[in-house]
């Protein structure tokens with residue numbers, strides 16, 4: 001809105017004065033405001049054509065003016081003004097990070113980076129969800145006496161609350177992080193924030209106190225991820241003809257989650273449910289049980305796991321199967337040999353009995 005005020009040469013120290021001046025002019029001459037908005041749109045349309053800004057940015061310039069006119073009941077013919085607006089992509093031209101890039105981020109020397117990345121990449125939660133997450137919002141899911149995943153309550157106690165799941169790997173990294181905090185002297189309860197500030201373990205009066213945890217907000221987590229990307233050589237200066245990096249610092253993990261789940265054969269509607277997306281009309285009719293979604297999610301856990309443990313486990317299982325097959329083949333071959341030996345023994349017995357009979361005849 002400040003850009004629009006500057007365009008109209010309306011300058012006051014406080015925003016209230018700018019809005020009041022604009023309202024007085026609009027009430028005095030509505031056509032003046034309509035023409036001013038039209039010219040303002042044309043200026044920015046020219047910037048879009050010169051590729052100085054994107055179509056989405058153009059619409060963002062107009063949104064606050066439209067909201068202002070609606071709030072002040074100023075009749076602006078928006079349909080006419082918006083006619084001929086350039087259409088652009090409604091999605092960002094970026095991609096999800098590769099698993100190698102994610103593993104390089106995990107190597108960043110901050111204890112918090114591993115649980116943060118593992119949780120985000122295995123659940124698809126938004127960055128803003130960290131402002132709500134406490135330890136009690138992580139609920140292990142046990143099947144046949146074994147923890148297979150964990151349920152995560154996203155935006156708990158808020159109107160937008162929903163649930164997703166995190167992998168067994170992500171749960172283990174969180175447990176390791178919480179146990180470390182306990183060992184350092186923090187009293188960890190269900191109300192403890194999932195991510196907190198760091199503390200100096202070398203001096204008692206260092207930066208941060210372990211017994212007084214402060215929540216690490218979503219903005220802090222974003223800065224932490226960005227520092228990891230730069231430190232690990234994944235981020236570099238943009239070229240002159242580019243305006244964005246290959247993948248977003250935090251939202252890239254959300255895209256990675258969706259991509260991996262799709263490739264693992266998980267149902268799309270369940271993926272959207274776990275990501276907290278609106279299903280449209282299906283919101284009113286699609287009511288799967290938590291167990292059904294979990295079973296579908298478990299089919300994708302191997303694809304969502306970042307460490308090599310599952311790869312090693314799969315290789316071990318393959319070797320076990322091959323060994324069992326080899327043992328069966330060996331046993332079969334031994335049985336065949338035993339049968340052949342028994343057959344030969346029978347033939348020898350018959351031959352020896354025949355020889356004895358011949359000897360008796362010769363004596364007679």
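The values are calculated or read from the model by the stated rules, or taken from the named source; none is laboratory data. The shown structure was predicted, so the numbers you read here are calculated from the model rather than taken from an experiment. Ideal geometry is used to build each Cβ from the backbone, glycine not excepted, and the neighbour counts take in all protein chains shown.
Report yes if some residue within segment 328-339 is surrounded by 14 or more Cβ atoms within 10 Å (Cβ to Cβ) and modelled with pLDDT of 70 or more; otherwise report no.
no
Is it the case that residue 34 is surrounded by 13 or more Cβ atoms within 10 Å (Cβ to Cβ), outside the structural domain of residue 188 (by TED's automatic domain parsing), out of contact with any strand residue (DSSP E or B) (no Cβ under 6 Å at 6 or more places or on another chain) and free of Cβ contacts under 8 Å to residues at least 12 places away in the same chain?
Working: surrounded by 13 or more Cβ atoms within 10 Å (Cβ to Cβ): yes; outside the structural domain of residue 188 (by TED's automatic domain parsing): yes; out of contact with any strand residue (DSSP E or B) (no Cβ under 6 Å at 6 or more places or on another chain): yes; free of Cβ contacts under 8 Å to residues at least 12 places away in the same chain: no.
Answer is no for this residue.
Among the numbered criteria (1) under 27 Å from residue 307 (Cα atoms); (2) modelled with pLDDT under 95, which one does residue 177 miss?
Among (1) under 27 Å from residue 307 (Cα atoms); (2) modelled with pLDDT under 95, the lone unmet condition for residue 177 is (2).
Given (1) more than 30 Å from residue 226 (Cβ to Cβ); (2) touching a residue at least 40 places away in the same chain (Cβ under 8 Å), where does residue 105 come up short, assuming only one miss?
Tallying (1) more than 30 Å from residue 226 (Cβ to Cβ); (2) touching a residue at least 40 places away in the same chain (Cβ under 8 Å), residue 105 fails exactly one: (1).
For segment 47-75, which residues satisfy the criterion of being out of contact with any helix residue (DSSP H, G or I) (no Cβ under 9 Å at 6 or more places or on another chain), over 24 Å from residue 16 (Cα atoms) and part of a helix (DSSP H, G or I)?
49, 56
Name the single residue, out of those in segment 152-162 being in contact (Cβ under 8 Å) with a residue 40 or more places away in the chain and surrounded by fewer than 18 Cβ atoms within 10 Å (Cβ to Cβ), that is farthest from residue 257 (Cα to Cα).
My answer is 160.
Taking the condition of being over 14 Å from the mean Cα position of the chain (by Cα) and either in a strand (DSSP E or B) or not assigned by TED's automatic domain parsing to the domain that holds residue 163 (or both), how many residues in segment 102-152 meet it?
So the count comes out to 13.
Just to be sure before I move on: is residue 186 assigned to a loop (DSSP other than H, G, I, E, B) and assigned by TED's automatic domain parsing to the domain that holds residue 277 in the structure I sent?
Working: assigned to a loop (DSSP other than H, G, I, E, B): yes; assigned by TED's automatic domain parsing to the domain that holds residue 277: yes.
So residue 186 fits the description; yes.
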